[in-house]
Amino acid sequence: MELQSPSRALLEADNLTKRYEDGQLALDHVNFAVAAGEIYAMLGGNGAGKTTTINLFLNFIEPTEGEARVDGIVTHRDPLAAKKKLAYVSENVMLYPNFTALQNLDFFARLGGRTDYSKDAYRDVLLRVGLQEEAHGRRLKGFSKGMRQKCGIAIAILKDAPAILLDEPTSGLDPKAAYEFIGLLDSLRGEGKAILMSTHDIFRARDVANTIGIMNQGKLVMQRSKQDLAGEDLEKVYVEYMAGYMDRETETV
Amino acid sequence: MFATLVEKELKSILLSPKFVATFAVCTVLILLSVFVGIREYKASIAEYETASQLSEQAVRSATSWWGVSPRVFRKPNPMQIFSAGVNNDIGRLSDISTWTDVKLRQSSYSDNTLFALFRFIDFAFIVQLVLSLFAILFTYDAINGERESGTLKLSFSNAVPRGTFVLSKFVGAWLGLTIPLLIPILLAVLLAMVMGVPMTGVEWSKLAMLIGVSVLYFTFFVMLGLLVSSLTKRSATSFLVLLVIWVCLVLIIPRAATMAAGQLVEVPSVAEVESQKDRFRTDRWDAFGKRRSEAWRERMAGAEGMSQDDRRDFMDNNREKWAQEDDESRQLMEQEIAENSRVVDEELRNRKAEQEQVAFRLARMSPASAYQLAATNLAGTNTSLKARYEDAMKAYRTAYAAFIADKRAEEQRKAREESSRNRSGMRITFGGGGDSPVDSSEMPRFEEPDQSFASALEPSLADLGLLGAFTVLCFAGAFIAFLRYDVR
């Protein structure tokens with residue numbers, strides 16, 4: 001199920017396996033690659049292993065087998081170097097509630113090694129992600145989930161890392177904001193970013209991703225390019241793969 | 001990176017609503033306690049000066065050295081404003097007499113039992129209880145709170161070394177809490193200056209050191225909060241754990257250690273000691289009385305069969321010799337009583353010291369006790385305050401006894417001379433004195449026991465070392481725990 005990437009792979013999962021101390025196999029020999037200027041959407045139910053994959057790229061956990069690489073850097077061997085090339089947006093962005101949006105952006109930009117931004121640059125990014133100007137100077141504690149999510153995306157953009165990890169990024173966004181977010185992802189792809197996105201949203205994944213992977217019980221059960229899926233009903237494919245895989249598992253048992 | 005993290009930590013603390021509340025409470029408490037402490041100190045100085053003057057006046061108005069019974073007073077110490085220690089528990093004066101032992105009596109609390117019940121709030125108390133609790137309130141969620149809110153995950157999606165992060169947590173929290181706390185402390189110092197508290201250079205040095213020890217003690221609790229926060233996943237758990245630790249360290253261990261020491265090393269009660277001394281004194285006086293009666297019988301036997309005139313001559317010729325013999329015998333007995341008192345007191349003091357050492361060793365398991373001991377040592381209001389004063393008063397009593405013995409002997413000699421003259425028709429006076437008051441300027445003066453900075457610091461060094469060690473251990477623990485912390 002290996003795919004040939006058109007350009008250099010920035011995110012690579014090579015036989016990536018994670019078994020927790022309690023014996024649970026969270027990820028089972030997963031292989032994929034995301035090239036610069038490409039969006040890879042990971043689909044799957046809860047507990048499929050999507051977030052575990054992202055956590056392995058961030059070195060929040062170490063793999064039991066295999067490796068995750070960012071621009072060729074093995075994340076568990078040199079996590080700091082790998083993280084310099086990564087930006088991350090979590091499912092539920094939580095920032096410092098007593099800081100304003102601008103203060104949060106400033107802190108995380110500097111933490112990401114960017115000390116060259118002006119306040120105007122922060123405002124521009126916030127406007128780009130769709131956060132209204134009146135909210136820029138407000139404390140985060142009054143922000144809705146969608147507004148926080150926009151700030152999280154702005155932080156990822158400000159880091160200007162070659163690879164971006166998005167864990168359920170549209171969760172909590174209203175349809176309009178989700179639509180705008182897809183446009184934003186498209187423009188980031190245009191800037192040559194490699195984007196790995198985990199999502200439950202089949203339709204948006206089909207709209208934006210170059211490659212779609214379906215995960216189930218820690219395994220990557222399907223991986224196809226947008227061209228391969230052209231003319232197919234992705235929802236049907238998803239359900240069939242999930243059901244087929246489950247049937248195979250049942251037969252094996 | 002480090003500066004960014006520290007700055008963020010500082011901002012987080014300064015912008016949090018709980019900071020405003022705690023800063024206001026601390027400022028009010030510290031300033032109020034120092035203000036009340038200064039007023040109390042000034043009132044006790046006024047009381048001390050009045051009582052000293054009255055005592056001097058009583059001495060000056062005496063017409064015979066036999067009627068002189070001076071009192072010495074414990075001079076209030078300006079450091080008691082900041083750490084009262086045992087200052088209010090021990091007596092403020094002692095009678096100086098050749099007949100009775102030196103004993104400090106009339107403590108502030110014995111005069112005013114209401115304060116004994118609820119005690120005074122001084123600066124050291126605020127640091128020991130209130131600030132330590134505030135340190136915990138600000139640090140219990142330093143690590144796990146960020147994990148719960150998700151900011152830890154976002155921070156560590158960047159190239160942030162864990163060591164740098166935990167160090168910045170400590171530095172940020174420490175600066176964010178200590179610097180604002182130094183403001184009311186410095187205001188309190190300013191208040192002491194404005195209200196004219198007579199502080200010497202040594203006392204300023206002691207105060208500076210006390211503030212330093214307070215900051216170290218506060219740092220320990222900041223570290224403890226950081227340690228527990230990096231050992232637990234939920235902030236509610238760390239808060240409860242820290243609260244239990246705080247109760248044990250601040251409220252239970254110091255008291256339990258004292259109680260345990262009381263059981264391990266028994267010290268006779270004051271009543272037992274006094275009765276032991278009384279028994280010895282009564283025995284010696286009885287024996288002295290018997291010896292004296294015996295001696296008089298023997299002396300009178302020598303005058304048996306004499307005519308009245310011969311008898312009077314016999315008496316006159318031997319009176320001085322006999323008086324001298326009686327005096328020597330009495331002095332010998334008094335020396336014996338004094339020596340016995342000294343031995344009994346020394347035994348009591350040794351037992352107390354032993355008990356104290358056991359209590360201190362056990363109590364020092366808690367940094368709160370180490371802080372309290374260091375604070376009272378530096379302020380000069382520690383448990384040795386009583387012994388320090390009583391030793392100085394005993395030394396004074398010795399000098400006074402020698403002086404008064406000379407004066408009384410001189411009066412007796414004069415009285416006898418006068419008595420001899422009176423027998424030839426002159427006026428008879430009793431008690432040895434005259435109409436004119438005694439010259440009290442010759443009387444030795446009581447010297448206050450002085451405590452240098454070095455002698456105050458020396459017993460505090462062990463506690464300072466312990467506080468430093470506890471703090472370093474907590475930081476090392478927090479550092480190691482955070483290296484393995486699951487940031488998800």
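Identify, from the list B:G225, B:G201, the residue that is over 28 Å from B:I480 (Cβ atoms), more than 14 Å from every other protein chain (Cβ to nearest Cβ) and small (G, A, S). Talk me through it step by step, then tell me what you get.
Working: B:G225 fails: over 28 Å from B:I480 (Cβ atoms).
None of the other options fit; the residue is B:G201.
Checking the conditions here, which among B:Q53, B:Q80 is in a helix (DSSP H, G or I), surrounded by fewer than 16 Cβ atoms within 10 Å (Cβ to Cβ) and more than 14 Å from chain A (Cβ to nearest Cβ)?
On the way: B:Q80 fails: surrounded by fewer than 16 Cβ atoms within 10 Å (Cβ to Cβ).
None of the other options fit; the residue is B:Q53.
Between A:F32, A:F99, the distinction of being over 27 Å from A:V208 (Cα atoms) and among the aromatic types (F, W, Y) belongs to A:F99 only. Of all the numbered requirements in (1) surrounded by fewer than 21 Cβ atoms within 10 Å (Cβ to Cβ); (2) closer than 25 Å to A:L56 by Cβ; (3) without any contact (Cβ under 8 Å) to a residue 40 or more places away in the chain; (4) more than 14 Å from chain B (Cβ to nearest Cβ), A:K119 misses one, and that requirement is (2). Of the residues that make up segment A:68-90, is at least one in a helix (DSSP H, G or I), crowded, with 20+ Cβ neighbours inside 10 Å, more than 7 Å from every other protein chain (Cβ to nearest Cβ) and hydrophobic (A, V, I, L, M, F, W, C)? Yes, because at least one residue in segment A:68-90 is in a helix (DSSP H, G or I), crowded, with 20+ Cβ neighbours inside 10 Å, more than 7 Å from every other protein chain (Cβ to nearest Cβ) and hydrophobic (A, V, I, L, M, F, W, C). I want to confirm something. Restricting to segment A:144-159 and keeping residues that are touching a residue at least 60 places away in the same chain (Cβ under 8 Å) and within 13 Å of chain B (Cβ to nearest Cβ), which single residue is surrounded by the fewest Cβ atoms within 10 Å (Cβ to Cβ)? Residue satisfying both the conditions and the ranking: A:K159.
For residues in segment A:132-143 being touching a residue at least 40 places away in the same chain (Cβ under 8 Å) and not charged (D, E, K, R), which is farthest from A:Y96 (Cα to Cα)? Let's see the steps before the verdict.
So in segment A:132-143, the residues touching a residue at least 40 places away in the same chain (Cβ under 8 Å) come out as A:139-141, A:143.
After this cut, where a residue has to be not charged (D, E, K, R) as well, the list is A:140, A:143.
Values: A:L140: 7, A:F143: 11 Å.
Among those that are touching a residue at least 40 places away in the same chain (Cβ under 8 Å) and not charged (D, E, K, R), it is A:F143.
Considering only residues that are in contact with a strand residue (DSSP E or B) (Cβ under 8 Å, 6 or more places away or on another chain) and either aliphatic (A, V, I, L, M) or modelled with pLDDT under 90 (or both), which ones fall in segment B:144-162? Listed by number, the list holds a single entry, B:L154.
Among the numbered conditions (1) touching a Leu at 6+ places or on another chain (Cβ under 7 Å); (2) more than 30 Å from B:D406 (Cβ to Cβ), the only one that B:R105 does not meet is (2). Of the listed requirements (1) assigned to a helix (DSSP H, G or I); (2) modelled with pLDDT under 90; (3) buried (at least 20 other Cβ atoms within 10 Å of the Cβ), A:K141 misses just one: (3). A:P63 satisfies every condition listed in (1) assigned to a loop (DSSP other than H, G, I, E, B); (2) without any contact (Cβ under 8 Å) to a residue 40 or more places away in the chain; (3) not charged (D, E, K, R) except (2).
The values are calculated or read from the model by the stated rules, or taken from the named source; none is laboratory data. Being a predicted model, the structure only gives us computed values, none of them experimental. Note: ideal-geometry Cβ built from the backbone for every residue, glycine included; neighbour counts use all protein chains shown.
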